[in-house]
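Structure, as C-alpha cells:
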Amino acid sequence: QQQVKQSPQSLIVQKGGISIINCAYENTAFDYFPWYQQFPGKGPALLIAIRPDVSEKKEGRFTISFNKSAKQFSLHIMDSQPGDSATYFCAAKTSYDKVIFGPGTSLSVIP
Amino acid sequence: DAGVIQSPRHEVTEMGQEVTLRCKPISGHNSLFWYRQTMMRGLELLIYFNNNVPIDDSGMPEDRFSAKMPNASFSTLKIQPSEPRDSAVYFCASSPGTENTEAFFGQGTRLTVV
C-alpha cells in the first residue's frame with residue numbers, strides 16, 4: 001500500500017512536444033505529492049509538488065494534474081526542450097513521514 | 001548553504017572490505033534519509049532519522065548495513081563486509097522535518113565493490 005506506480009518507464013518526445021508521465025498510489029493517507037528531476041551524476045531535486053486539495057498546479061512549463069478520487073496524478077511538460085532530458089520521479093508522503101518514490105521515467109527530448 | 005554534502009563521491013573497494021559513507025545534512029534540518037539507487041531497484045529508502053533518532057530502518061538490506069547519526073550535522077552509512085551486489089549510488093537527503101516539505105539530496109556516493 002506504500003507503493004507508488006509510475007509509467008512509462010521511458011519516454012522519447014520531439015522538441016516542442018508535450019511530455020506526460022503518470023503515477024498512481026493506493027495509500028489514501030498520502031497528502032503531499034512531489035515530483036523530482038534527476039540529471040546524470042546528480043541527486044534528485046524537487047521540481048514541483050502538489051497537495052490533494054487542488055486538482056492542478058502549474059509552474060512555468062510544468063503542470064501537475066491530480067485526481068484524488070482515482071488516486072492518480074500526472075506531470076505534463078509543455079514545449080519540451082532537450083534540457084528537460086532527465087529522469088523524473090513522482091513521489092508521495094504523509095505528513096512528517098518519509099518520501100516514497102516511484103520507479104522513475106527516463107525522458108529524452110530529441111531535436 | 002552548501003546543501004547536503006556527501007563523501008566520498010566515488011568509492012571502489014574489494015569484496016569483504018568495510019565501507020563508510022558520510023553525510024552532512026543542511027544545517028537546521030531535522031530529518032535525514034539514506035537512499036540507494038540502482039538500475040534494477042530505482043531509489044530505495046534504506047533508513048530515516050528524525051532528530052538524530054532512527055525512525056524507520058526497514059529498508060536496510062541486511063545486518064551488513066548500519067547507519068548512525070551521532071549529532072545533527074553528521075551521519076554515516078557503513079557496510080561491513082561489502083559485497084559486489086552492494087554496488088550502487090548512495091544518496092543522503094535531509095529535510096526540515098516539518099509538514100509537507102521537500103527532501104534535499106546530496107550528490108551521492110558511487111560505490112563499486114569488486
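Nothing charged except the Cβ atoms of Lys and Arg (+1) and of Asp and Glu (-1): what's the magnitude of the dipole of chain A about its Cα centre? Round to the nearest 20 debye.
So the magnitude is around 60 debye.
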Assigned charges on the beta-carbon of Lys, Arg, Asp, Glu; region B:51-114 dipole about Cα centre (debye): 280
Vicinal HN-Hα couplings computed from phi for region A:18-31 (Karplus, 6.51 cos²θ - 1.76 cosθ + 1.60; Hz; Gly/Pro x): 9, 9, 10, 10, 10, 9, 9, 9, 10, 6, 6, 7, 4, 9
Size-normalised alpha-carbon gyration radius of the protein assembly as shown, reference 2.2 N^0.38 Å: 1.02
Qualifying aspartates and glutamates (Cα of each under 18 Å from Cα of residue A:57; at least 8 residues distant if same chain): A:31, A:79, B:102
Entries of A:5/A:42; A:42/A:68; A:93/B:68 with Cα pairs more than 25 Å apart: A:42/A:68
Summed residue charge, Cβ within 15 Å of residue B:36's Cβ, Lys/Arg positive, Asp/Glu negative: -1
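Can you sort A:110, A:21 so the residue with the fewest Cβ neighbours within 10 Å comes first? Don't jump to the answer; show the numbers that get you there.
Numbers: A:110 11, A:21 21.
Ranking A:110, A:21 by Cβ neighbours within 10 Å, fewest first, gives A:110, A:21.
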Order of A:76, B:29, B:10 - criterion: other Cβ atoms within 10 Å of each residue's Cβ, fewest first: B:10, A:76, B:29
Sum of side-chain charges, residue B:7 neighbourhood, beta-carbon under 9 Å (Lys, Arg +1; Asp, Glu -1): +3
Exposure proxy order (Cβ contacts within 10 Å, fewest to most) of B:102, B:18: B:18, B:102
Cα gyration tensor category, rounded, prolate or oblate, for region A:28-111 with a/c compared to 1.5: oblate
Environment charge at residue A:17 (Cβ cut-off 15 Å; Lys +1, Arg +1, Asp -1, Glu -1): 0
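So, with +1 on the Cβ of K and R and -1 on the Cβ of D and E, and no other charges, what is the size of the charge dipole of chain B about its Cα centre, to the nearest 20 debye? Before the final figure, lay out each step's value.
On the way: 10 positive and 13 negative charges, 52 e Å.
Once rounded to the nearest 20, the dipole reads 240 debye.
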Overall form of region B:8-111 per C-alpha gyration tensor (a/c, 1.5; a/b vs b/c): prolate
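Here, each number is a calculation from the coordinates, and none is a lab measurement. Predicted model only: the values in this text are computed from it and were never measured. Note that we place each Cβ from the backbone using ideal geometry, even for glycine, and neighbour counts take in every protein chain shown.
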